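Below: the structure, in C-alpha coordinates.
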Amino acid sequence: MNGLLTDIIQSLDKEEIRNFKLYSTRIQTQQEKKLLYLFDRIKKDNFDEYADELVTELFPNSGKNPYYRLKNRLIEDLEQSLLMLHRTRHEEFQLHNLLLLARIFIYKSNFKTGFHYLKKAEGLAKKREYFHLLQIIYDEIILLAGSYKKIDPEDYIARRTAVLQEYIANRQIDDLIAVIQYRLGRRNFVGKNKEVTDALEQAMKNLDVASDVLRSPTTEFRVYKCVRNLLLQKKDFKSLQDYLLETLDRFERGGMFDKANHESKVVMLSWIINTLTKNRFYRKSLEYTEHLRKALLEFDKLMYPKYIWLYYQSQIINFSYLGSNDQVIRLLEDLQKQKQGELNHYQRFYIPLNLCSAYYSGGDLDKSLKSLSMLLTKEVYGNLDPNWKLRISILEIMLHYECNDLNYAEGRLQEVKRIFRTTLRREGYERDKAFLQILASLLKYPDALSRKREKEKVAGFIAGSPSFEVGSNEVVDYAIWLQALSDKRSYYDLLLDSSAMGTK
(Lines give C-alpha, C1' and ligand atoms only; values in the text may rest on other atoms or scores of the structure.)
Protein backbone atom coordinates (compact mmCIF):
# COMPACT_ATOMS: atom_id res chain seq x y z
CA MET A 1 0.00 0.00 0.00
CA ASN A 2 1.34 3.44 -0.97
CA GLY A 3 2.07 6.01 1.72
CA LEU A 4 0.85 9.59 1.80
CA LEU A 5 3.92 11.03 0.04
CA THR A 6 3.69 8.53 -2.84
CA ASP A 7 -0.04 9.17 -3.24
CA ILE A 8 0.46 12.94 -3.35
CA ILE A 9 3.30 12.80 -5.87
CA GLN A 10 1.58 10.33 -8.20
CA SER A 11 -1.58 12.49 -8.23
CA LEU A 12 0.20 15.63 -9.50
CA ASP A 13 -0.46 16.92 -13.01
CA LYS A 14 2.11 18.71 -15.20
CA GLU A 15 1.24 22.18 -13.95
CA GLU A 16 1.46 21.09 -10.31
CA ILE A 17 4.83 19.41 -10.91
CA ARG A 18 6.19 22.53 -12.62
CA ASN A 19 4.95 24.74 -9.79
CA PHE A 20 6.52 22.47 -7.17
CA LYS A 21 9.87 22.46 -8.96
CA LEU A 22 9.84 26.28 -9.03
CA TYR A 23 8.87 26.39 -5.37
CA SER A 24 11.62 23.95 -4.37
CA THR A 25 14.42 25.68 -6.29
CA ARG A 26 13.82 29.09 -4.68
CA ILE A 27 16.66 28.19 -2.29
CA GLN A 28 19.63 26.17 -3.53
CA THR A 29 20.87 23.95 -0.71
CA GLN A 30 21.89 20.33 -0.37
CA GLN A 31 18.60 19.66 1.40
CA GLU A 32 16.59 20.99 -1.57
CA LYS A 33 18.61 18.83 -3.97
CA LYS A 34 17.77 15.75 -1.93
CA LEU A 35 14.11 16.74 -1.87
CA LEU A 36 14.02 16.95 -5.67
CA TYR A 37 15.95 13.71 -6.01
CA LEU A 38 13.44 11.89 -3.79
CA PHE A 39 10.55 13.49 -5.71
CA ASP A 40 11.91 12.35 -9.08
CA ARG A 41 12.62 8.82 -7.88
CA ILE A 42 8.99 8.45 -6.78
CA LYS A 43 7.42 10.29 -9.73
CA LYS A 44 9.60 9.27 -12.67
CA ASP A 45 10.97 5.92 -11.51
CA ASN A 46 7.81 4.72 -9.68
CA PHE A 47 9.56 4.03 -6.39
CA ASP A 48 7.45 3.68 -3.27
CA GLU A 49 8.49 5.98 -0.43
CA TYR A 50 9.08 2.96 1.85
CA ALA A 51 11.68 1.42 -0.48
CA ASP A 52 14.90 0.68 1.43
CA GLU A 53 16.85 1.54 -1.72
CA LEU A 54 15.84 5.21 -1.37
CA VAL A 55 17.08 5.34 2.23
CA THR A 56 20.43 3.88 1.16
CA GLU A 57 20.81 6.25 -1.81
CA LEU A 58 20.04 9.41 0.16
CA PHE A 59 21.55 8.59 3.57
CA PRO A 60 23.97 5.68 3.14
CA ASN A 61 25.52 6.06 6.60
CA SER A 62 22.81 7.70 8.69
CA GLY A 63 19.96 5.22 9.07
CA LYS A 64 16.27 5.92 8.54
CA ASN A 65 15.59 8.89 10.84
CA PRO A 66 17.09 11.56 8.51
CA TYR A 67 15.17 9.97 5.63
CA TYR A 68 11.88 10.23 7.54
CA ARG A 69 12.62 13.90 8.28
CA LEU A 70 13.30 14.48 4.58
CA LYS A 71 10.05 12.74 3.68
CA ASN A 72 8.06 14.94 6.07
CA ARG A 73 9.75 18.06 4.73
CA LEU A 74 8.88 17.02 1.16
CA ILE A 75 5.23 16.51 2.16
CA GLU A 76 5.16 19.98 3.74
CA ASP A 77 6.70 21.58 0.62
CA LEU A 78 4.22 19.79 -1.64
CA GLU A 79 1.34 20.95 0.52
CA GLN A 80 2.52 24.57 0.44
CA SER A 81 3.11 24.42 -3.32
CA LEU A 82 -0.41 23.09 -3.94
CA LEU A 83 -1.96 25.68 -1.64
CA MET A 84 -0.16 28.49 -3.47
CA LEU A 85 -1.08 27.21 -6.92
CA HIS A 86 -4.75 26.56 -6.17
CA ARG A 87 -5.45 29.44 -3.80
CA THR A 88 -7.55 31.30 -6.43
CA ARG A 89 -8.79 28.34 -8.49
CA HIS A 90 -12.17 28.18 -6.77
CA GLU A 91 -14.14 30.88 -5.00
CA GLU A 92 -14.49 28.71 -1.90
CA PHE A 93 -10.68 28.48 -1.76
CA GLN A 94 -10.57 32.28 -1.98
CA LEU A 95 -12.99 32.52 0.93
CA HIS A 96 -10.80 30.36 3.12
CA ASN A 97 -7.82 32.52 2.22
CA LEU A 98 -9.73 35.68 3.17
CA LEU A 99 -10.63 34.12 6.52
CA LEU A 100 -7.01 33.16 7.07
CA LEU A 101 -5.84 36.69 6.26
CA ALA A 102 -8.43 38.15 8.65
CA ARG A 103 -7.22 35.87 11.45
CA ILE A 104 -3.59 36.78 10.79
CA PHE A 105 -4.31 40.52 11.11
CA ILE A 106 -6.55 40.02 14.16
CA TYR A 107 -3.77 37.97 15.76
CA LYS A 108 -1.45 40.94 15.10
CA SER A 109 -4.08 43.25 16.75
CA ASN A 110 -4.66 45.01 13.43
CA PHE A 111 -8.43 44.82 13.92
CA LYS A 112 -9.35 47.29 11.18
CA THR A 113 -7.61 45.28 8.46
CA GLY A 114 -8.88 42.02 9.88
CA PHE A 115 -12.46 43.37 9.74
CA HIS A 116 -11.85 44.48 6.14
CA TYR A 117 -11.06 40.91 5.07
CA LEU A 118 -14.02 39.50 7.01
CA LYS A 119 -16.39 41.89 5.23
CA LYS A 120 -14.84 40.95 1.90
CA ALA A 121 -15.36 37.28 2.76
CA GLU A 122 -18.97 38.00 3.76
CA GLY A 123 -19.70 39.58 0.39
CA LEU A 124 -18.30 36.65 -1.57
CA ALA A 125 -20.03 34.06 0.64
CA LYS A 126 -23.41 35.81 0.26
CA LYS A 127 -22.96 36.07 -3.51
CA ARG A 128 -22.28 32.34 -3.86
CA GLU A 129 -24.66 31.24 -1.08
CA TYR A 130 -21.95 29.57 0.98
CA PHE A 131 -24.14 29.54 4.07
CA HIS A 132 -21.86 27.21 6.04
CA LEU A 133 -19.00 29.69 5.65
CA LEU A 134 -21.22 32.69 6.39
CA GLN A 135 -21.88 31.18 9.81
CA ILE A 136 -18.14 31.05 10.49
CA ILE A 137 -17.62 34.60 9.17
CA TYR A 138 -20.37 36.03 11.39
CA ASP A 139 -18.97 34.14 14.39
CA GLU A 140 -15.57 35.75 13.72
CA ILE A 141 -17.06 39.25 13.33
CA ILE A 142 -19.16 38.98 16.52
CA LEU A 143 -16.09 37.76 18.41
CA LEU A 144 -14.02 40.63 16.96
CA ALA A 145 -16.65 43.17 18.13
CA GLY A 146 -15.33 42.75 21.67
CA SER A 147 -11.99 44.25 20.57
CA TYR A 148 -13.01 46.49 17.66
CA LYS A 149 -15.68 48.91 18.87
CA LYS A 150 -16.71 50.07 15.39
CA ILE A 151 -18.60 46.79 14.91
CA ASP A 152 -22.24 46.66 16.01
CA PRO A 153 -22.61 43.08 17.29
CA GLU A 154 -26.43 43.23 17.27
CA ASP A 155 -26.42 43.86 13.51
CA TYR A 156 -24.26 40.81 12.86
CA ILE A 157 -26.16 38.63 15.33
CA ALA A 158 -29.34 39.44 13.36
CA ARG A 159 -27.56 38.58 10.09
CA ARG A 160 -26.33 35.28 11.52
CA THR A 161 -29.84 34.37 12.71
CA ALA A 162 -31.30 35.07 9.27
CA VAL A 163 -28.62 33.03 7.52
CA LEU A 164 -29.01 30.16 9.99
CA GLN A 165 -32.41 29.22 8.53
CA GLU A 166 -30.94 29.04 5.02
CA TYR A 167 -27.98 27.10 6.38
CA ILE A 168 -30.23 24.51 8.09
CA ALA A 169 -32.33 24.07 4.94
CA ASN A 170 -29.24 23.60 2.76
CA ARG A 171 -27.69 21.21 5.25
CA GLN A 172 -30.86 19.11 5.22
CA ILE A 173 -30.70 18.96 1.42
CA ASP A 174 -27.00 18.01 1.53
CA ASP A 175 -27.77 15.26 4.07
CA LEU A 176 -30.61 13.97 1.88
CA ILE A 177 -28.39 13.90 -1.23
CA ALA A 178 -25.62 12.08 0.67
CA VAL A 179 -28.05 9.39 1.89
CA ILE A 180 -29.57 8.99 -1.59
CA GLN A 181 -26.13 8.61 -3.16
CA TYR A 182 -25.16 6.01 -0.57
CA ARG A 183 -28.37 3.95 -0.72
CA LEU A 184 -28.95 4.04 -4.46
CA GLY A 185 -25.25 3.48 -5.15
CA ARG A 186 -25.38 0.15 -3.28
CA ARG A 187 -28.49 -1.21 -4.97
CA ASN A 188 -29.22 -2.91 -8.26
CA PHE A 189 -32.62 -1.90 -9.60
CA VAL A 190 -32.64 -4.25 -12.60
CA GLY A 191 -34.55 -1.74 -14.69
CA LYS A 192 -37.49 -1.22 -12.30
CA ASN A 193 -38.40 2.44 -11.83
CA LYS A 194 -40.74 1.67 -8.89
CA GLU A 195 -37.75 0.37 -6.92
CA VAL A 196 -35.95 3.68 -7.53
CA THR A 197 -39.00 5.66 -6.40
CA ASP A 198 -39.47 3.50 -3.31
CA ALA A 199 -35.80 3.87 -2.35
CA LEU A 200 -36.07 7.66 -2.70
CA GLU A 201 -39.21 7.82 -0.56
CA GLN A 202 -37.63 5.64 2.12
CA ALA A 203 -34.52 7.86 2.24
CA MET A 204 -36.70 10.96 2.65
CA LYS A 205 -38.79 9.37 5.41
CA ASN A 206 -35.75 8.34 7.42
CA LEU A 207 -34.29 11.85 7.50
CA ASP A 208 -35.64 14.71 9.57
CA VAL A 209 -36.08 17.09 6.63
CA ALA A 210 -38.63 19.89 6.84
CA SER A 211 -41.58 19.37 4.50
CA ASP A 212 -41.18 22.80 2.88
CA VAL A 213 -37.54 21.96 2.14
CA LEU A 214 -38.53 18.63 0.55
CA ARG A 215 -41.09 20.35 -1.68
CA SER A 216 -38.83 23.20 -2.76
CA PRO A 217 -37.72 23.32 -6.44
CA THR A 218 -34.08 23.48 -5.28
CA THR A 219 -34.40 20.15 -3.47
CA GLU A 220 -36.40 18.55 -6.28
CA PHE A 221 -33.81 19.48 -8.91
CA ARG A 222 -30.85 18.42 -6.78
CA VAL A 223 -32.43 15.04 -6.01
CA TYR A 224 -33.23 14.55 -9.70
CA LYS A 225 -29.64 15.31 -10.78
CA CYS A 226 -28.26 13.04 -8.06
CA VAL A 227 -30.42 10.05 -9.07
CA ARG A 228 -29.88 10.72 -12.79
CA ASN A 229 -26.09 10.70 -12.43
CA LEU A 230 -26.07 7.62 -10.20
CA LEU A 231 -28.16 5.60 -12.67
CA LEU A 232 -25.86 6.72 -15.48
CA GLN A 233 -22.78 5.64 -13.52
CA LYS A 234 -24.40 2.25 -12.90
CA LYS A 235 -25.24 2.07 -16.65
CA ASP A 236 -28.80 1.18 -15.70
CA PHE A 237 -30.27 2.81 -18.80
CA LYS A 238 -33.71 1.23 -18.45
CA SER A 239 -34.21 2.63 -14.94
CA LEU A 240 -32.70 5.92 -16.10
CA GLN A 241 -35.16 6.14 -18.98
CA ASP A 242 -38.19 5.46 -16.77
CA TYR A 243 -36.99 7.81 -14.03
CA LEU A 244 -36.37 10.67 -16.47
CA LEU A 245 -39.79 10.28 -18.11
CA GLU A 246 -41.59 10.10 -14.76
CA THR A 247 -39.67 13.10 -13.40
CA LEU A 248 -40.35 15.28 -16.45
CA ASP A 249 -44.05 14.47 -16.25
CA ARG A 250 -44.15 15.22 -12.50
CA PHE A 251 -42.24 18.48 -12.86
CA GLU A 252 -44.48 19.66 -15.71
CA ARG A 253 -47.69 18.77 -13.84
CA GLY A 254 -46.35 20.54 -10.74
CA GLY A 255 -45.50 23.72 -12.66
CA MET A 256 -41.84 23.41 -11.70
CA PHE A 257 -40.43 24.94 -14.87
CA ASP A 258 -40.24 28.68 -15.51
CA LYS A 259 -37.96 31.11 -17.32
CA ALA A 260 -35.34 31.03 -14.55
CA ASN A 261 -34.83 27.26 -14.79
CA HIS A 262 -35.81 26.79 -18.44
CA GLU A 263 -32.36 25.47 -19.27
CA SER A 264 -32.88 22.65 -16.75
CA LYS A 265 -35.96 21.58 -18.73
CA VAL A 266 -34.02 21.62 -22.01
CA VAL A 267 -31.20 19.58 -20.46
CA MET A 268 -33.69 17.08 -19.02
CA LEU A 269 -35.22 16.65 -22.48
CA SER A 270 -31.76 16.07 -23.94
CA TRP A 271 -31.13 13.31 -21.38
CA ILE A 272 -34.47 11.71 -22.23
CA ILE A 273 -33.74 11.82 -25.98
CA ASN A 274 -30.26 10.35 -25.60
CA THR A 275 -31.43 7.63 -23.20
CA LEU A 276 -34.32 6.59 -25.45
CA THR A 277 -31.91 6.43 -28.40
CA LYS A 278 -29.43 4.44 -26.32
CA ASN A 279 -32.24 2.01 -25.45
CA ARG A 280 -33.22 1.89 -29.17
CA PHE A 281 -36.63 3.51 -28.83
CA TYR A 282 -36.00 5.70 -31.85
CA ARG A 283 -39.57 6.73 -32.61
CA LYS A 284 -40.24 7.70 -29.02
CA SER A 285 -36.95 9.60 -28.99
CA LEU A 286 -38.15 11.56 -32.02
CA GLU A 287 -41.36 12.42 -30.15
CA TYR A 288 -39.30 14.02 -27.40
CA THR A 289 -37.08 15.66 -30.03
CA GLU A 290 -40.21 17.51 -31.16
CA HIS A 291 -40.91 18.34 -27.50
CA LEU A 292 -37.39 19.80 -27.40
CA ARG A 293 -38.01 21.91 -30.51
CA LYS A 294 -41.07 23.46 -28.90
CA ALA A 295 -39.16 24.11 -25.69
CA LEU A 296 -36.42 25.90 -27.63
CA LEU A 297 -39.02 28.33 -29.04
CA GLU A 298 -40.27 29.27 -25.56
CA PHE A 299 -39.35 32.53 -23.79
CA ASP A 300 -38.44 34.24 -27.08
CA LYS A 301 -36.05 31.43 -28.07
CA LEU A 302 -34.05 31.90 -24.87
CA MET A 303 -32.20 28.56 -25.21
CA TYR A 304 -32.46 28.23 -29.00
CA PRO A 305 -28.93 29.36 -29.97
CA LYS A 306 -27.27 27.14 -27.37
CA TYR A 307 -29.23 23.92 -27.96
CA ILE A 308 -30.58 23.94 -31.53
CA TRP A 309 -27.77 21.62 -32.66
CA LEU A 310 -28.93 19.10 -30.10
CA TYR A 311 -32.28 19.07 -31.92
CA TYR A 312 -30.60 18.45 -35.29
CA GLN A 313 -28.33 15.75 -33.85
CA SER A 314 -31.31 13.95 -32.34
CA GLN A 315 -33.09 13.89 -35.69
CA ILE A 316 -30.02 12.67 -37.55
CA ILE A 317 -29.17 9.76 -35.26
CA ASN A 318 -32.75 8.53 -34.86
CA PHE A 319 -33.64 8.81 -38.55
CA SER A 320 -30.43 6.89 -39.32
CA TYR A 321 -31.44 3.91 -37.18
CA LEU A 322 -35.01 3.97 -38.48
CA GLY A 323 -33.77 3.37 -42.04
CA SER A 324 -34.44 6.92 -43.27
CA ASN A 325 -30.93 7.49 -44.59
CA ASP A 326 -32.11 9.68 -47.49
CA GLN A 327 -33.83 11.96 -44.97
CA VAL A 328 -30.60 12.18 -42.96
CA ILE A 329 -28.65 13.20 -46.09
CA ARG A 330 -31.19 15.88 -47.02
CA LEU A 331 -31.12 17.31 -43.50
CA LEU A 332 -27.32 17.40 -43.35
CA GLU A 333 -26.99 18.90 -46.84
CA ASP A 334 -29.52 21.62 -45.94
CA LEU A 335 -27.63 22.40 -42.73
CA GLN A 336 -24.36 22.59 -44.63
CA LYS A 337 -25.80 25.08 -47.13
CA GLN A 338 -27.86 27.21 -44.75
CA LYS A 339 -25.44 27.46 -41.85
CA GLN A 340 -22.09 27.54 -43.67
CA GLY A 341 -21.02 30.97 -42.39
CA GLU A 342 -22.30 30.30 -38.86
CA LEU A 343 -20.65 26.95 -38.12
CA ASN A 344 -18.35 26.63 -35.13
CA HIS A 345 -15.44 24.17 -34.98
CA TYR A 346 -17.58 21.32 -33.62
CA GLN A 347 -20.23 21.76 -36.30
CA ARG A 348 -17.61 21.93 -39.08
CA PHE A 349 -16.55 18.51 -37.83
CA TYR A 350 -19.98 17.05 -37.07
CA ILE A 351 -21.73 17.75 -40.41
CA PRO A 352 -19.11 16.27 -42.81
CA LEU A 353 -18.52 13.35 -40.43
CA ASN A 354 -22.18 12.39 -40.50
CA LEU A 355 -22.48 13.10 -44.22
CA CYS A 356 -19.52 10.78 -44.80
CA SER A 357 -21.29 8.05 -42.81
CA ALA A 358 -24.68 8.69 -44.45
CA TYR A 359 -23.27 8.70 -48.00
CA TYR A 360 -21.39 5.49 -47.24
CA SER A 361 -24.55 3.89 -45.85
CA GLY A 362 -26.30 4.93 -49.06
CA GLY A 363 -23.58 3.33 -51.21
CA ASP A 364 -22.16 6.61 -52.60
CA LEU A 365 -18.43 6.14 -52.01
CA ASP A 366 -17.38 9.20 -54.04
CA LYS A 367 -19.49 11.59 -51.97
CA SER A 368 -18.45 9.80 -48.80
CA LEU A 369 -14.77 10.39 -49.61
CA LYS A 370 -15.49 13.99 -50.57
CA SER A 371 -17.10 14.61 -47.17
CA LEU A 372 -14.20 12.84 -45.48
CA SER A 373 -11.74 15.19 -47.23
CA MET A 374 -13.40 18.10 -45.39
CA LEU A 375 -12.41 16.46 -42.11
CA LEU A 376 -8.80 16.03 -43.22
CA THR A 377 -8.13 19.75 -43.66
CA LYS A 378 -5.62 21.31 -41.29
CA GLU A 379 -8.31 23.56 -39.82
CA VAL A 380 -10.49 20.61 -38.75
CA TYR A 381 -8.16 17.60 -38.42
CA GLY A 382 -5.48 19.63 -36.64
CA ASN A 383 -7.88 20.50 -33.82
CA LEU A 384 -9.14 16.96 -33.18
CA ASP A 385 -8.04 14.92 -30.18
CA PRO A 386 -5.80 11.89 -30.90
CA ASN A 387 -8.69 9.45 -30.51
CA TRP A 388 -10.73 11.07 -33.28
CA LYS A 389 -7.67 11.55 -35.49
CA LEU A 390 -7.03 7.80 -35.32
CA ARG A 391 -10.66 6.88 -36.05
CA ILE A 392 -10.89 9.28 -39.00
CA SER A 393 -7.61 7.96 -40.40
CA ILE A 394 -8.82 4.35 -40.14
CA LEU A 395 -12.07 5.33 -41.88
CA GLU A 396 -10.04 6.88 -44.71
CA ILE A 397 -8.21 3.57 -45.24
CA MET A 398 -11.51 1.61 -45.22
CA LEU A 399 -13.09 3.86 -47.84
CA HIS A 400 -10.08 3.79 -50.17
CA TYR A 401 -9.97 0.01 -49.82
CA GLU A 402 -13.60 -0.22 -50.95
CA CYS A 403 -12.85 2.14 -53.87
CA ASN A 404 -10.08 -0.30 -54.86
CA ASP A 405 -7.48 2.44 -54.40
CA LEU A 406 -5.17 -0.11 -52.81
CA ASN A 407 -1.81 1.66 -53.25
CA TYR A 408 -3.07 4.78 -51.49
CA ALA A 409 -4.73 2.69 -48.75
CA GLU A 410 -1.50 0.70 -48.18
CA GLY A 411 0.59 3.86 -47.94
CA ARG A 412 -1.90 5.50 -45.59
CA LEU A 413 -2.00 2.37 -43.42
CA GLN A 414 1.78 2.45 -42.92
CA GLU A 415 1.61 6.17 -42.15
CA VAL A 416 -1.16 5.67 -39.57
CA LYS A 417 0.73 2.85 -37.86
CA ARG A 418 3.81 5.09 -37.64
CA ILE A 419 2.02 8.26 -36.47
CA PHE A 420 -0.15 6.47 -33.90
CA ARG A 421 2.44 3.92 -32.77
CA THR A 422 2.43 5.20 -29.17
CA THR A 423 -1.35 5.59 -29.04
CA LEU A 424 -1.95 2.05 -30.31
CA ARG A 425 0.18 0.64 -27.49
CA ARG A 426 -2.07 2.16 -24.85
CA GLU A 427 -4.81 0.37 -22.99
CA GLY A 428 -8.16 0.79 -24.70
CA TYR A 429 -6.81 0.73 -28.26
CA GLU A 430 -6.45 -3.03 -28.64
CA ARG A 431 -9.49 -3.18 -30.92
CA ASP A 432 -8.15 -0.49 -33.27
CA LYS A 433 -4.76 -2.23 -33.41
CA ALA A 434 -6.33 -5.60 -34.22
CA PHE A 435 -8.52 -4.04 -36.91
CA LEU A 436 -5.51 -2.36 -38.53
CA GLN A 437 -3.80 -5.76 -38.69
CA ILE A 438 -6.84 -7.15 -40.50
CA LEU A 439 -6.82 -4.18 -42.88
CA ALA A 440 -3.16 -4.94 -43.61
CA SER A 441 -4.12 -8.53 -44.56
CA LEU A 442 -6.97 -7.32 -46.77
CA LEU A 443 -4.57 -5.01 -48.61
CA LYS A 444 -1.83 -7.61 -48.88
CA TYR A 445 -3.98 -10.44 -50.24
CA PRO A 446 -6.66 -9.65 -52.87
CA ASP A 447 -8.39 -12.93 -51.92
CA ALA A 448 -7.92 -12.44 -48.17
CA LEU A 449 -11.52 -13.32 -47.30
CA SER A 450 -11.11 -16.66 -49.07
CA ARG A 451 -7.88 -17.59 -47.28
CA LYS A 452 -8.32 -19.78 -44.20
CA ARG A 453 -6.02 -17.86 -41.87
CA GLU A 454 -7.43 -14.44 -42.79
CA LYS A 455 -11.02 -15.73 -42.58
CA GLU A 456 -10.31 -17.01 -39.06
CA LYS A 457 -8.86 -13.63 -38.06
CA VAL A 458 -11.93 -11.82 -39.35
CA ALA A 459 -14.32 -14.31 -37.73
CA GLY A 460 -12.42 -14.03 -34.42
CA PHE A 461 -12.56 -10.23 -34.52
CA ILE A 462 -16.31 -10.24 -35.21
CA ALA A 463 -16.99 -12.86 -32.53
CA GLY A 464 -14.89 -10.96 -29.98
CA SER A 465 -16.51 -7.61 -30.69
CA PRO A 466 -18.96 -6.17 -28.17
CA SER A 467 -22.61 -5.94 -29.14
CA PHE A 468 -23.37 -2.98 -31.37
CA GLU A 469 -23.69 0.19 -29.31
CA VAL A 470 -25.56 3.28 -30.45
CA GLY A 471 -23.28 6.31 -30.36
CA SER A 472 -19.99 4.44 -30.76
CA ASN A 473 -16.95 6.48 -31.81
CA GLU A 474 -16.47 4.11 -34.76
CA VAL A 475 -17.99 6.13 -37.60
CA VAL A 476 -18.34 2.89 -39.55
CA ASP A 477 -18.60 -0.04 -37.14
CA TYR A 478 -15.54 -2.28 -37.65
CA ALA A 479 -17.27 -5.61 -36.96
CA ILE A 480 -20.35 -4.85 -39.07
CA TRP A 481 -18.10 -3.63 -41.91
CA LEU A 482 -16.13 -6.88 -41.87
CA GLN A 483 -19.34 -8.92 -41.69
CA ALA A 484 -20.73 -7.02 -44.68
CA LEU A 485 -17.56 -7.73 -46.69
CA SER A 486 -17.62 -11.41 -45.72
CA ASP A 487 -21.33 -11.87 -46.48
CA LYS A 488 -21.28 -9.54 -49.52
CA ARG A 489 -24.19 -7.64 -48.03
CA SER A 490 -25.00 -3.96 -47.65
CA TYR A 491 -23.29 -2.41 -44.63
CA TYR A 492 -26.36 -0.28 -43.89
CA ASP A 493 -28.69 -3.30 -43.97
CA LEU A 494 -26.53 -5.10 -41.42
CA LEU A 495 -26.31 -1.92 -39.32
CA LEU A 496 -30.11 -1.68 -39.21
CA ASP A 497 -30.35 -5.36 -38.25
CA SER A 498 -27.91 -4.77 -35.37
CA SER A 499 -29.74 -1.66 -34.11
CA ALA A 500 -33.33 -2.78 -34.65
CA MET A 501 -34.33 -3.70 -31.07
CA GLY A 502 -36.89 -1.44 -29.39
CA THR A 503 -37.82 0.54 -32.51
CA LYS A 504 -41.51 0.57 -31.67
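Figures for the structure shown
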| quantity | calculated |
| --- | --- |
| All helices (runs of 4 or more DSSP H) inside the stretch 394-504 with 3 or more residues being closer than 26 Å to Asp366 by Cβ | 406-419, 430-444, 478-487, 491-498 |
| Given (1) buried (at least 17 other Cβ atoms within 10 Å of the Cβ); (2) hydroxyl-bearing (Ser, Thr, Tyr); (3) over 30 Å from Phe281 (Cβ atoms), index of the condition Ser486 fails | (1) |
| Test: Leu310 is surrounded by 15 or more Cβ atoms within 10 Å (Cβ to Cβ), at pLDDT 95 or above and farther than 20 Å from Ser216 by Cα | no |
| Residue tally, condition touching a residue at least 24 places away in the same chain (Cβ under 8 Å), surrounded by fewer than 16 Cβ atoms within 10 Å (Cβ to Cβ) and not in a helix (DSSP H, G or I), over the stretch 338-367 | 1 |
| Which listed residue is surrounded by 12 or more Cβ atoms within 10 Å (Cβ to Cβ) and part of a loop (DSSP other than H, G, I, E, B), from Glu32, Glu57, Glu49 | Glu49 |
| Residue count for the stretch 101-136, restricted to those that are in contact with a helix residue (DSSP H, G or I) (Cβ under 9 Å, 6 or more places away or on another chain), surrounded by fewer than 16 Cβ atoms within 10 Å (Cβ to Cβ), in a helix (DSSP H, G or I) and without any contact (Cβ under 8 Å) to a residue 24 or more places away in the chain | 7 |
| Any hit, the stretch 67-87, residues being assigned to a loop (DSSP other than H, G, I, E, B) and closer than 30 Å to Glu140 by Cα | yes |
| Residues of the stretch 411-436 satisfying the condition of being surrounded by fewer than 17 Cβ atoms within 10 Å (Cβ to Cβ), of a type in the set (Asp, Glu) and either under 20 Å from Tyr401 (Cβ atoms) or touching a strand residue (DSSP E or B) at 6+ places or on another chain (Cβ under 7 Å) (or both) | Glu415 |
| Long-range neighbours under 7 Å by Cβ, at least six apart or interchain, first residue within 22 Å of Ser467 (Cβ to Cβ) within the stretch 265-292, second part of a helix (DSSP H, G or I) and of a type in the set (Lys, Arg) | Leu276/Lys284; Asn279/Lys238 |
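The values are calculated or read from the model by the stated rules, or taken from the named source; none is laboratory data. Worth saying up front: this structure is predicted, and the values here are computed from it rather than measured. Note: ideal-geometry Cβ built from the backbone for every residue, glycine included; neighbour counts use all protein chains shown.
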